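Each reported figure results from applying straightforward, stated rules to the coordinates on display, with no laboratory input. On a predicted model such as this, the values are computed, not experimentally measured, just so you know. Every residue, glycine among them, receives a Cβ derived from its backbone with ideal geometry; neighbour counts consider all protein chains shown.
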Amino acid sequence: MKKQILLLLLLPLAALAQQQQTVPDVTLQTTDGKSVSLRSYVGKGPLQIAFWALWCEPCKQELKVMSQVYDSLNKQGYTLLGVCEDNQKSMAKVRGFASAKGWNFPILLDPNGDALRKLNGLNIPFSLIVDKEGNIKSTHIGYVAGDEVPVEKEIHELLPQANANAGGGTGK
């Protein structure tokens, strides 16, 4: 009897664990004040959503490196999306900062932390790798130099060309 009760308690948890988490339909602001859905960035290829702030040095280091990856892989379908978690007072500085750094990827503003909370982020830097269907494939917390290597590998594996060559043996 105890085993049956335990099984009944664990079945809903197992079903919940098997559900694929997807990108929520959260509306954020662009740096020029337009409203945009987070889900609108899904579908082209792998998407990396990187939560950051002006005051967060590891965040800026991660985005500096991933910006280079974005510049080289964007035409193949990879999208890097920076979601800034600064407060209302410092939001005005974000656009100029990103421009000065030469960041060409989209920057969205999340001053209340709504998107971060909905994606179960607790601290920044926090990033997610999402496939073209919107399924969250992995999450990454924190950043130290070298963390970009496995992230870039994940991105390459999700690129449309990588999937087309998966059965053909590319020798990579």
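So how strong a dipole does the stretch 22-164 carry about its Cα centre when Lys and Arg Cβ are +1 and Asp and Glu Cβ are -1, to the nearest 20 debye?
Working: 15 positive and 16 negative charges, 72 e Å.
The dipole of the stretch 22-164 has a size of about 340 debye.
Cα centroids of the stretch 76-112 and the stretch 128-163: how far apart, whole angstrom?
19
When the Karplus curve 6.51 cos²θ - 1.76 cosθ + 1.60 is applied with θ = phi - 60°, which whole-Hz ³J(HN,Hα) does each residue of the stretch 50-63 get, with x for Gly and Pro?
So the J values, rounded to whole Hz, are 10, 8, 8, 8, 4, 7, 9, 4, x, 4, 5, 5, 4, 5.
In the structure displayed, which of Lys75/Lys101; Lys93/Lys137; Lys44/Lys89; Lys60/Lys93; Lys34/Lys137; Lys44/Lys153 lie more than 24 Å apart, Cα to Cα? Can you show the working numbers first?
Details: Lys75/Lys101 21 Å; Lys93/Lys137 32 Å; Lys44/Lys89 33 Å; Lys60/Lys93 14 Å; Lys34/Lys137 28 Å; Lys44/Lys153 18 Å.
Those over the limit are Lys93/Lys137; Lys44/Lys89; Lys34/Lys137.
Quick one: Ile107, Ile129, fewest Cβ neighbours within 10 Å first, how do they rank?
Details: Ile107 23, Ile129 20.
Least crowded to most crowded, the residues run Ile129, Ile107.
Return the distance in nm (one decimal) between the two label points of a simple spin-label model at Asp32 and Asn120, each offset 7 Å from Cα along Cα→Cβ.
Taking the two extended label points, one gets 3.6 nm.
Could you check what % of the DSSP bridge pairs in the stretch 22-164 are antiparallel, to the nearest 5?
On the way: 16 of 25 bridges.
Around 65 percent antiparallel, to the nearest 5.
So how do Glu157, Glu152, Glu57, Glu85 line up by other beta-carbon neighbours within 10 Å, fewest first? Could you put the intermediate results ahead of the total?
Working: Glu157 15, Glu152 18, Glu57 11, Glu85 23.
Starting with the residue having the fewest Cβ neighbours, the order is Glu57, Glu157, Glu152, Glu85.
Each residue of the stretch 68-78 in turn: what ³J(HN,Hα) in whole Hz from Karplus with 6.51, -1.76, 1.60 and θ = phi - 60°, glycine and Pro shown as x?
Those phi angles translate into 5, 5, 4, 4, 8, 10, 4, 5, 8, x, 7 Hz.
Between Gln68 and Lys89, what length in nm is gained on full extension when 0.36 nm per residue of separation is reduced by their alpha carbon distance?
Values: separation 21, 0.36 × 21 = 7.56 nm, distance 2.89 nm.
Contour length minus the Cα-Cα distance gives 4.7 nm.
How large is the convex hull of the Cα atoms of the stretch 22-164 per residue, expressed in Å³ as a whole number? All intermediate terms of the calculation are to be shown ahead of the outcome.
Numbers: hull volume 13.8 nm³, N = 143.
Hull volume over Cα atoms, normalised by residue count, gives 97 Å³.
If amide H atoms are built 1.01 Å from N in the plane of the peptide, which residues on other chains or at least 5 residues away come under 5 Å of the amide H of Phe105?
none
Per-residue HN-Hα couplings for the stretch 97-110, Karplus 6.51 cos²θ - 1.76 cosθ + 1.60 at θ = phi - 60°, whole Hz, x for Gly and Pro?
4, 4, 5, 5, 7, x, 6, 9, 8, x, 10, 10, 10, 10
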